[in-house]
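The structure appears right after this line, and notes come after that.
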Amino acid sequence: MRVVLQRVKRASVTVNNERTGAIAQGVLILLGIEAADTEEDIDWLCGKICRLRIFNDAEGVMNLSLEESGGEALVVSQFTLHASTKKGNRPSYIKAARPEQAEPMYEQFKSKLSGMLNQPVACGIFGAMMDVELVNDGPVTILIDSKARE
């Protein structure tokens, strides 16, 4: 499971000219699910996201977690995070989970994250063409891969 995590001042996602999710300060999470991912990857990644100290404290030092800052989360599914560009010029998505596997895991990820944050998680629509808007704060952009945790 891979994420591109962006600390944002605000972010939103729109599908067919209808806003499906929006947050104020917090994190935009672009989530890519791999065929080899399990519930253990969801648990580890949600914990890491909640505890990652990327928000400023009173002295302006990145010392607060998403939980501590009271920030919000917006989750957007993005299978292209598992693109392989080793051969040729057309990316291969062979490692990305098929929709019948990925969608339940996406829903489970959102539910787990919402429970850990004790607040609803905003989201896009799985498999839809989405317009994502954000104001990156910092900018702070972090890549996290659950398969590279050691």
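Rule-based calculations on the coordinates, nothing more; no lab input. All of these numbers come straight from a predicted model, not from anything done at the bench. Neighbour counts are summed over all protein chains in view; Cβ atoms, including those assigned to glycine, are modelled from backbone coordinates with ideal geometry.
Some values worked out for this structure:
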read-out: Computed over the chain: relative contact order in percent, which uses C-alpha pairs under 8 Å that are six or more apart; value: 38
read-out: Virtual paramagnetic centre 7 Å along Cα→Cβ of Thr80, amide N under 18 Å, in the range 87-126; value: 87-99, 124-126
read-out: Estimated distance in nm for a label pair at Val4 and Ser111, the labels positioned 7 Å out from Cα along Cα-to-Cβ; value: 2.8
read-out: Residue order, fewest to most surrounding Cβ atoms within 10 angstrom, among Tyr106, Tyr93; value: Tyr93, Tyr106
read-out: Calculated FRET efficiency for the pair Asn16/Asp145, C-beta based, R₀ 30 Å, to 0.05; value: 0.45
read-out: Ranked by how many other beta carbons lie within 10 Å on average, peptides 31-43, 77-89 from highest; value: 31-43, 77-89
read-out: Nitroxide proxy distance, nm - points 7 Å out along Cα→Cβ at Glu59 and Glu100; value: 5.5
read-out: Residue-wise HN-Hα coupling along the range 19-36, computed from phi with Karplus coefficients 6.51, -1.76, 1.60 (Hz; x: Gly, Pro); value: 5, 9, x, 7, 9, 8, 4, x, 10, 9, 10, 8, 10, x, 10, 9, 4, 7
read-out: In sequence order, calculated HN-Hα J values of the range 99-111 (Karplus, 6.51, -1.76, 1.60; Hz; x Gly/Pro); value: x, 5, 8, 5, 4, x, 5, 4, 5, 5, 4, 4, 5
read-out: J(HN,Hα) series, the range 56-70, from Karplus relation 6.51 cos²θ - 1.76 cosθ + 1.60, nearest Hz, glycine and proline x; value: 6, 8, 4, 8, x, 9, 5, 9, 10, 8, 4, 4, 5, 7, x
read-out: Nearby lysines by direct alpha-carbon distance to Lys86 (threshold 17 angstrom, same-chain neighbours under 8 apart not counted); value: Lys95
read-out: Thr20 long-range amide H proximity, modeled H, under 5 Å; value: Val13, Thr14, Val15
read-out: Options (1) 1.17; (2) 1.05; (3) 0.96 - which one matches Rg/Rh (Cα atoms, Kirkwood Rh) as calculated here; value: (3)
read-out: C-alpha center-to-center spacing [the range 1-56, the range 73-150] in angstrom; value: 7
